[in-house]
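The values are calculated or read from the model by the stated rules, or taken from the named source; none is laboratory data. These numbers come from a predicted model, not from an experiment. A quick note on method: Cβ atoms are made from the backbone with ideal geometry, for glycine too, and the neighbour counts reach across all protein chains shown.
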Amino acid sequence: SQQGEEDPQALSIQEGENATMNCSYKTSINNLQWYRQNSGRGLVHLILIRSNEREKHSGRLRVTLDTSKKSSSLLITASRAADTASYFCATDPNAGNMLTFGGGTRLMVKP
Amino acid sequence: SAVISQKPSRDICQRGTSLTIQCQVDSQVTMMFWYRQQPGQSLTLIATANQGSEATYESGFVIDKFPISRPNLTFSTLTVSNMSPEDSSIYLCSSGLAGGGETQYFGPGTRLLVL
C-alpha cells in the first residue's frame, strides 16, 4: 500500500519557472528518495535524503525533509521542457531497501 | 549506479497464459525487488527476491500468482501466472548497489498488456 500522498497530482508550468512537489508519509523513515519517470519507462533516481538531514541539493534540484511533519518537498528550479515527467517520492523505513511509493506528481513543462 | 536490464521490454499476452520476466543486475547484490505499476498509478512492491531462499511477498500478492526465482546474486525472474486483463501493468525490478547503501536503482520495466 502507498505510504502517503503527493501533491499536486498534476502540475503545468512554463519553461524557466520553478516547480515544487510535496510528499507526505505516515510512518517513521530511515530515508526518503525521489525518482523521475518518463512516459511509463523505468525510474531514474534523483536524490536521497536521510532522516537526520533537512535539506539536500543536486544541480537544479533541492529537497527538504521535515520529519516532525512527515513531509518532504522537491523543488526544480529553472525548469526545462525535458523535465516533463512523473515524479515520485519513496520512503524506506529501516534502510532495508524496500520502498513505499507516494502517488506521484505529473509535471508538464511547456516550452 | 547499478545497471539493471529487463526482458522482455513489453509483451501482449492472452488471458490464461503466463509470462516470465527476467531481471539482470550488473553486479552481485543481496536483495532484488519486484514492483508493479498499474496504469496511471504509482508503484507497489510485490515481493523481495532473496538468493537461496523463497521470496518474501507483500500483502495482496501470493506465490502461486507471482512465482519468483533468484538463482544467483545477479539474476531474478518474476512470472505472472494465469493472466487476466487486470494484470496489465508495468513490472519493474530494482536493487541496491553491490557494496550496500540505501539507494535503489530500477530496471527499465516490462510493459504487459493482457487481452
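Listing for the model above:
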read-out: Scan of the range A:64-111 for residues that are charged (D, E, K, R) and either buried (at least 19 other Cβ atoms within 10 Å of the Cβ) or on the phi < 0 side of the Ramachandran plot (or both), ordered by number; value: A:ASP66, A:LYS69, A:ARG80, A:ASP83, A:ASP92, A:ARG106, A:LYS110
read-out: Those residues of the range A:11-31 which are at pLDDT below 95 and either aliphatic (A, V, I, L, M) or under 17 Å from A:THR84 (Cα atoms) (or both), in sequence order; value: A:ILE29
read-out: Residue list for the range B:69-115, restricted to those being more than 7 Å from chain A (Cβ to nearest Cβ) and acidic (Asp, Glu); value: B:GLU86, B:ASP87
read-out: Count - residues of the range B:19-36 that are of a type outside the set (Phe, Trp, Tyr), within 14 Å of another protein chain (Cβ to nearest Cβ) and touching a Phe, Trp or Tyr at 6+ places or on another chain (Cβ under 8 Å); value: 5
read-out: Condition check for B:ARG15: assigned to a strand (DSSP E or B), more than 9 Å from every other protein chain (Cβ to nearest Cβ) and either closer than 17 Å to B:GLY96 by Cβ or touching a residue at least 12 places away in the same chain (Cβ under 8 Å) (or both); value: no
read-out: Single unsatisfied condition, B:PRO71 versus (1) over 23 Å from A:ARG41 (Cα atoms); (2) modelled with pLDDT of 95 or more; value: (2)
read-out: Criterion violated by A:THR67 - all others in (1) more than 19 Å from A:MET108 (Cβ to Cβ); (2) under 13 Å from the mean Cα position of the chain (by Cα); (3) polar (S, T, N, Q) satisfied; value: (2)
read-out: Breaking point among (1) farther than 26 Å from A:ASN38 by Cβ; (2) polar (S, T, N, Q); (3) at pLDDT 95 or above; (4) surrounded by 13 or more Cβ atoms within 10 Å (Cβ to Cβ), for B:ASN82; value: (4)
read-out: Check on A:ILE13, farther than 23 Å from B:LEU43 by Cβ and either in contact (Cβ under 8 Å) with a residue 40 or more places away in the chain or not in a loop (DSSP other than H, G, I, E, B) (or both); value: yes
read-out: Residues of the range A:76-111 that turn out to be more than 21 Å from B:GLN104 (Cβ to Cβ) and either free of Cβ contacts under 8 Å to residues at least 40 places away in the same chain or not in a strand (DSSP E or B) (or both), as a count; value: 9
read-out: Residue under evaluation A:SER73, criteria (1) within 13 Å of chain B (Cβ to nearest Cβ); (2) not in a loop (DSSP other than H, G, I, E, B), criterion not met; value: (1)
read-out: Which listed residue is within 30 Å of B:ARG10 (Cβ to Cβ) and away from chain B (no Cβ under 14 Å), from A:ARG54, A:ARG80; value: A:ARG80
read-out: Members of the range B:42-56 that are away from chain A (no Cβ under 12 Å) and either within 29 Å of A:SER86 (Cβ to Cβ) or touching a residue at least 24 places away in the same chain (Cβ under 8 Å) (or both); value: B:ALA55
